[in-house]
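Below: one structure, written as structure tokens.
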Amino acid sequence: MLDSSSFLTPAQIVAELDKYIIGQHEAKRHVAIALRNRWRRLHAPADMQREIVPNNILMIGSTGVGKTEIARRLAAIADAPFTKVEASKFTEVGYVGRDVESMVRDLVEQSVNQVKQRRKEAVKVQAAQAVEDLILDALIPPVSSAGAVSKTSVGFGGMTDNSTVPDSDYELNERTREKFREKIRNGELDDRKIEIKVQQGGAPGIGVVGGAPGMDEASLAGLQDMLGSMLPKKTRKRKVTIAEARKILLDEEAAKLIDMDEVKDEAIRQAENAGIIFIDEIDKVASRSAKGGGGPDVSREGVQRDLLPIVEGSAVSTKYGIINTDHILFIAAGAFHIAKPSDLIPELQGRFPIRVELQSLTKDDFFRILKDPKNALTKQYEALLQAEEVFLSFEDSALERLAEIAFEVNAEVENIGARRLHTVMSRLLNDILFDVPDLIGPNARILITRELVDERLQSMVRNRDVSQYIL
């Protein structure tokens, strides 16, 4: 967390990114510095915190080189609210300026979910105890001690062993409940069905048609939530297993223990100070002519002008409250094959002071991508087949050949970066994936060699028909 007393140094952040992303060291260094600067700002004197603004980053590089992955992993390292938007979607017919603010509303929604999840984890033990009591009540309803009848009054007066014969119906009920409580904790009754009451999710009929002139999306959402909260909460009965009941009721009981006003305040604070918005395909809204030139270029420039106040800092209304975007970190990315960064309007260029050019991937990069990352594609396929108790492994020479083929196809057809590896790996392993488990049974061991790669992918290597490489 950025607000913790200790946080990863830039070198440690780069090391974490290296576990998942190969190469692009310059981009990693810049985003690591930007993230550490966020921590530094929060620990600066209060009067300077307001003055320090983030250095937004513009990443330039072709598809599949790691732009999105760097931003996504960065947010995971910081445990920060993160949202990704496509700049090109704001050029669609029907979008107006205020809809650009939807990216900020998405960020706040993500922040609320994160804070709510953390709060639920904090009250998990209390919620689990309440759920256990509810399940127990459904199995063995409690008996009131006031109405309990003593056994001594109905002919058990001669019995002196109180540990053997309960003194009352209440005591008998409590002993039975404790026995069942132990069984519930041990999972012995998970398959038994019980009837529980669950809250119905929202009022489906509540909606706002039209709305007053000038009422924006956030106001409409807030009005809808207000109308929904005014209606009484409805419950319905469901017959489920105890294992399912535990999951359903745990969420409800945890929600009862959380103060949503505190969640909203913390979520807004987190989004303002730690939020990251990744704007992809920023080059698609860059005007390629010097003065706009009419037609679609005017629309592109209009989108840039709508983005400008969000990036430079403004107050955006959401259903959880007003959020200031002054200290949100914006990372924009684009291939810029046709347009150039200088085609963006000067004001928007100035709000992305750090420009990073990501390098195209080499054969060596492809080899390392297949072998080194924690989530490498080869490791994913190994995990898939392990589910069938089939053990898959790759020789280094096979990975080298796969990297060569992916690099050659990218060079001759269309450079789609590391995404080409998905095409190559799928073509290589499709027959194996189809034959497991019918023809290839459990405990089988499959070794992928260079010869097997050449045999399976020879048509891909020889045939340069573009249709062979459509994803």
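Remark: spin-label model distance Arg305-Thr235 equals 5.6 nm, labels positioned 7 Å along the Cα→Cβ axis.
With contacts taken as Cα pairs under 8 Å and at least 6 residues apart, the stretch 320-471 reaches a relative contact order of 25 percent. Here the calculated FRET efficiency for Thr362 and Glu188, from their Cβ-Cβ distance with R0 = 35 Å, stands at 0.05, rounded to the nearest 0.05. Among the aspartates and glutamates, select those whose C-alpha is under 19 Å from the C-alpha of Lys239, and discard any that sit fewer than 8 residues away in the same chain. Straight-distance partners of Lys239: Glu132, Asp133, Asp137, Glu188, Asp190, Asp191, Glu195, Asp251, Glu252, Glu253. In terms of its C-alpha gyration tensor, the stretch 237-357 comes out prolate, because a/c is 1.5 or above and the ratio a/b outweighs b/c.
Principal axis extents of the C-alpha atoms in the stretch 338-471 (largest first, rounded to whole Å): 63, 33, 24.
The overall shape of the stretch 45-124, judged from the alpha-carbon gyration tensor, is rounded, with an a/c ratio under 1.5. Label positions at Ser393 and Glu51, each projected 7 Å from the Cα along the C-beta direction, are separated by 6.2 nm. Sort the stretch 1-65 into rounded, prolate or oblate with this rule: let a ≥ b ≥ c be the square roots of the eigenvalues of the Cα gyration tensor; rounded if a/c is under 1.5, and if a/c is not under 1.5, prolate when a/b is larger than b/c, oblate otherwise. Oblate shape, in that a/c is at least 1.5 and b/c is the bigger or equal ratio. The fraction of accessible area contributed by carbon and sulfur in the stretch 1-60 is 54 percent, rounded to a whole number (1.4 Å probe; ligands and nucleic acids excluded).
The values are calculated or read from the model by the stated rules, or taken from the named source; none is laboratory data. Here the structure is a predicted model, which is why all the values come from computation and not from measurement. Glycine also receives a Cβ, built like all others from the backbone with ideal geometry; neighbour counts cover every protein chain displayed. Quick note on the areas: whole protein, heavy atoms, side chains included, nothing else; ligands and nucleic acids left out. Shrake-Rupley method; radii C 1.70, N 1.55, O 1.52, S 1.80 Å.
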